[in-house]
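Right, one structure below, let's go through it.
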Amino acid sequence: MSESNVKTIPRHAPMNQFEVVNNCLTIGGQAITEITSDIGQTPFYAYDRSVMTEKVESLRRALPQSIHLHYAMKANPMPEVVQHLANETDGLDVASAAELKVALATGTDPSDISFAGPGKSDEDLRAAVASGVIINMESPTEMQRIAALAQATGRRPTVSIRVNPDFELKTAGMKMGSGPKPFGVDAESVPEMLAELSKLPLDFMGFHIFSGSQNLREEAIMEAQAKTFELAYRLAEHAPAPLRWLNIGGGLGIPYFPGEQRLDLAPIAANLTPLLETASKKLPGAEIVMELGRYLTAEAGVYVCEIVDRKVSRGEIFLVTNGGLHHHLAASGNFGQVIRKNYPLCLGNRVNAPELETVQVVGPLCTPLDLLGNRVELPPARPGDLIVVFQSGAYGFSASPRDFLSHPQPAQILL
Ligand SMILES: *Cc1c(COP(=O)(O)O)cnc(C)c1O
């Protein structure tokens with residue numbers, strides 16, 4: 001490859017969160033080959049707790065101290081991961097009664113747990129009210145259901161209103177929030193809901209304003225945060241009591257695809273500092289929360305599968321593995337997204353080689369969508385070698401159709 005090609009072909013961000021020792025990838029200080037024999041099976045997901053800790057610490061170093069960091073556990077609900085992040089962060093966000101159970105089992109104070117999600121079941125609401133967590137209300141009807149539970153149980157549930165923002169982000173053509181959405185209550189309908197809320201046996205905490213996910217543009221995040229505070233101030237004028245809680249969402253992205261870079265936290269922090277100073281005057285005593293899922297876990301995880309077959313079809317090399325779409329839907333391209341791009345991959349047990357070859361890395365399913373790597377450059381590989389998919393610690397195991405074609409389930413391990 002010539003110098004000029006190197007410059008024009010976008011590369012994946014370096015996966016330098018893991019060390020390579022003796023040409024073998026290590027996770028949590030352990031060689032991937034050792035981890036494989038300890039687990040006794042492939043495929044598996046492995047998560048490195050020290051990488052998650054480093055993510056939290058880097059946020060704490062960069063962001064103003066007064067910000068509370070919550071973990072949105074739908075990104076990776078493995079109980080051991082949730083326990084680890086419960087110890088490292090200031091609270092948890094859950095999206096179902098089952099997630100709530102895992103969150104409470106970590107010993108996290110219910111007042112540091114919030115519950116969001118449209119279409120909460122009666123069981124979800126009963127569990128939320130009984131435990132005393134903050135319920136992010138997604139509609140006026142949900143508010144009435146919670147009020148009925150309050151009456152039936154004699155409790156006074158703590159609630160906040162999830163707001164569907166009325167602002168549009170113009171930065172770089174990206175559009176988040178605003179428009180018709182199943183999530184939350186339209187900002188313009190919030191004053192009416194607050195008037196109704198003041199007549200009900202509910203303990204009003206504040207607002208939850210979440211305007212998007214997987215954002216890699218610092219400018220867009222900064223603009224969203226500024227507009228989120230402005231919206232909160234406007235709505236707070238209609239509140240029955242001073243705000244004690246404002247969840248400004250998260251949305252921090254991570255690099256998945258060639259050409260994407262890790263976020264620079266410095267400008268985001270510089271933007272947030274004066275916003276928080278103003279907030280401490282306009283909303284005195286209110287806890288400001290950022291809730292993050294992907295940012296805390298994605299880079300800490302790898303998905304590992306094993307090459308079962310190597311074949312050549314009309315000049316192209318196919319490495320057929322025992323893992324793929326059924327375990328890791330997102331890496332395969334989410335059932336045929338319009339422009340599919342590769343997650344970063346490596347050959348875990350032989351990371352570097354003097355000569356690379358261009359291969360197709362596919363899974364065992366009978367569909368052309370079962371693809372983990374389209375024309376990727378890897379050291380020459382053979383059956384028994386390990387394919388590692390990076391950036392797999394969020395929305396992997398729990399977000400994949402693991403029963404599709406009834407192959408064995410992947411294991412999971414926290415190291
Ligand atoms: C999914 C979700 C998150 C987490 O989003 P990430 O992109 O994983 O950080 C946070 N808050 C709410 C309400 C969510 O639904």
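The values are calculated or read from the model by the stated rules, or taken from the named source; none is laboratory data. Small disclaimer: the values here were computed from a predicted structure and weren't measured. For neighbour counting, all protein chains shown are included, and Cβ atoms are generated from backbone atoms with ideal geometry for every residue, glycine included. Heads up: the accessible areas ignore ligands, DNA and RNA and are worked out on the full protein's heavy atoms, side chains in. Shrake-Rupley method; radii C 1.70, N 1.55, O 1.52, S 1.80 Å.
A quick yes/no check of all residues on (1) under 22 Å from ARG156 (Cβ atoms); (2) within 12 Å of the ligand (Cβ to nearest atom); (3) crowded, with 21+ Cβ neighbours inside 10 Å:
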position	(1), (2), (3)
HIS68	no, no, no
ALA72	no, yes, yes
ASN76	no, yes, yes
GLU80	no, no, no
HIS84	no, no, yes
LEU104	yes, no, no
PHE115	yes, yes, yes
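Among the residues of segment 230-264, which ones are buried (at least 18 other Cβ atoms within 10 Å of the Cβ), in contact with a helix residue (DSSP H, G or I) (Cβ under 7 Å, 6 or more places away or on another chain) and not in a loop (DSSP other than H, G, I, E, B)?
LEU231, LEU235, LEU246, LEU252
For every residue, the table says whether it meets (1) assigned to a strand (DSSP E or B); (2) basic (Lys, Arg); (3) open to solvent by 20 Å² or more (accessible area, probe 1.4 Å).
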residue	(1), (2), (3)
ALA269	no, no, no
GLU277	no, no, yes
GLY285	no, no, yes
VAL289	yes, no, no
LEU296	no, no, no
ILE307	yes, no, no
HIS327	no, no, no
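Could you say which residue among GLU306, GLU316, GLU357, GLU260 is assigned by TED's automatic domain parsing to the domain that holds LYS227 and either over 23 Å from the mean Cα position of the chain (by Cα) or closer than 24 Å to THR53 by Cα (or both)?
GLU260
Taking THR321, is it β-branched (Val, Ile, Thr), open to solvent by 40 Å² or more (accessible area, probe 1.4 Å), more than 16 Å from the ligand (Cβ to nearest atom) and in contact (Cβ under 8 Å) with a residue 12 or more places away in the chain?
no
For segment 40-50, check the following and say yes or no: at least one residue is in contact with a Gly (Cβ under 6 Å, 6 or more places away or on another chain), touching a residue at least 24 places away in the same chain (Cβ under 8 Å) and within 16 Å of the ligand (Cβ to nearest atom).
Within segment 40-50, one or more residues are in contact with a Gly (Cβ under 6 Å, 6 or more places away or on another chain), touching a residue at least 24 places away in the same chain (Cβ under 8 Å) and within 16 Å of the ligand (Cβ to nearest atom).
Would you say ALA353 is in contact (Cβ under 8 Å) with a residue 40 or more places away in the chain, open to solvent by less than 70 Å² (accessible area, probe 1.4 Å) and not basic (Lys, Arg)?
Considered against the rule, which asks whether it is in contact (Cβ under 8 Å) with a residue 40 or more places away in the chain, open to solvent by less than 70 Å² (accessible area, probe 1.4 Å) and not basic (Lys, Arg), ALA353 comes out as no.
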